[in-house]
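Asker: This structure is in structure tokens; I'll ask about it shortly.
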Amino acid sequence: KKTMPFNGVCFHEPSSYTIAIACVLIVGTITSYITQYVVIVRSKSSEGLNWLSLSTSVLTGLLTLVNAGILNWETLICCRIDPQYTESQCFADNLLIEQLAVGPLCTVILYILFLVYFPHKPRFGQKKKEKLREYLWSLIGFSFAVIVPLLVCAMCFVLFYGHFITSHTAFIYGQTLGMISAVLTFFIWAPQIWTTYQLGEAGALSLPMLILQAPGAFMSVAYQILQGANWSTWAPYGIAGVEQCVLIIMLAYYWWRDRKKVKITAVETHFILDSGLEFGSESQRSSIETDF
């Protein structure tokens, strides 16, 4: 038997503090992804991004959204069953789901940019067939990550509204999706960490995006806990935040290493120029200084 979500009063006015946190998280998420979009578009290359991390990110984000939608279905349905429920009230009462929806949407856009600016030219030591295979797997991964959550969501609605399962079973179903999403989240950034380690540099990966997203992930966990969200909804964000911190440390190290190399090269250059070596003529010396 399905439970009735309407208990006489649908709208539970959230505090201004809660609304402010949700808005900050939404704006922060969008801003962090914009920095990554800019890096890809300016360089006209998505070199350094890992298709497996992106596809897993889309998959887990959409599964978490479905998880939140099922577990908070009573709040969502109030937008339709209460005639006095205004659009602003509906927006305020569903801030948790709206905040969770922004991440997957931005990741889908990022994946599209990854495919559009995919570096088809093989890297050093890489065969052309390997690059083509990687691109094909990227397309397959994108299709899988988008289609599977849609099928899962559709199946849940058919089973629930077809009276094949009870509301309690639907709750367990949603919680299971959250647990699967939490497990898969570990594999979101693990391939990206490995790709970055192999490259030994950031590539097209945006450090500002990670710096914005890592604290945002932990803020999302805190916000969802305060909202009374089930642990299966906020756990993926906590795991993602930890792995993003690992990437930040790696990129900061590469930045420091490259900066140190530039300083050492500059010192060696000045040493050579000031050592009194003869270069044949003053014009040749000036040419060498210019080259350095």
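Asker: With a 10 Å radius around each residue's Cβ, average the other Cβ atoms per peptide and rank 238-246, 59-67, 16-24, highest first.
Answerer: Peptide ranking by packing, descending: 59-67, 238-246, 16-24.
Asker: Right, another one. What do you reckon, how do 77, 147 stack up by accessible area (1.4 Å probe), largest on top?
Answerer: 147, 77
Asker: Using a Förster radius of 25 Å, what is the FRET efficiency between residue 148 and residue 190 based on their Cβ-Cβ separation? Nearest 0.05, please.
Answerer: 0.80
Asker: Right, another one. Quickly work out the residue 35-to-residue 120 label distance, labels modelled 7 Å from Cα along the C-beta direction, and quote it in nm with one decimal.
Answerer: In this crude spin-label approximation the distance works out to 3.2 nm.
Asker: If packing is taken as the mean number of other Cβ atoms within 10 Å per residue, what is the order of 26-39, 247-260, highest first?
Answerer: Working: 26-39: 17.8, 247-260: 13.9.
Order by mean packing, descending: 26-39, 247-260.
Asker: What does the extension gain come out to for residue 88 and residue 139, with contour length at 0.36 nm per residue minus their alpha carbon separation?
Answerer: Length difference between fully extended and current span is 14.5 nm.
Asker: At residue 201 and residue 130, where each label point lies 7 Å from the Cα along Cα→Cβ, what is the point-to-point distance in nanometres?
Answerer: 1.8
Asker: Another one. Listed highest first by mean packing, meaning other Cβ atoms within 10 Å per residue, what order do 127-133, 174-180 come in?
Answerer: Ranking the peptides 127-133, 174-180 by packing returns 174-180, 127-133.
Asker: Same structure again: Calculate the radius of gyration of the Cα atoms of the range 40-91 to one decimal place, then report Dmax, the largest Cα-Cα distance, as a whole number, both in Å.
Answerer: 18.4, 51
Asker: Continuing with the same structure: Please give the net charge around residue 68, taking every other residue with its beta carbon less than 15 angstrom from that of residue 68, where Lys and Arg add +1 and Asp and Glu add -1.
Answerer: -3
The values are calculated or read from the model by the stated rules, or taken from the named source; none is laboratory data. Owing to the predicted nature of the structure, the values given are computational and were not obtained by experimental measurement. Virtual Cβ from ideal backbone geometry, glycine too; neighbours counted across all protein chains shown. Just the protein is used for accessible areas: all its heavy atoms, side chains included, with ligands, DNA and RNA removed. Shrake-Rupley method; radii C 1.70, N 1.55, O 1.52, S 1.80 Å.
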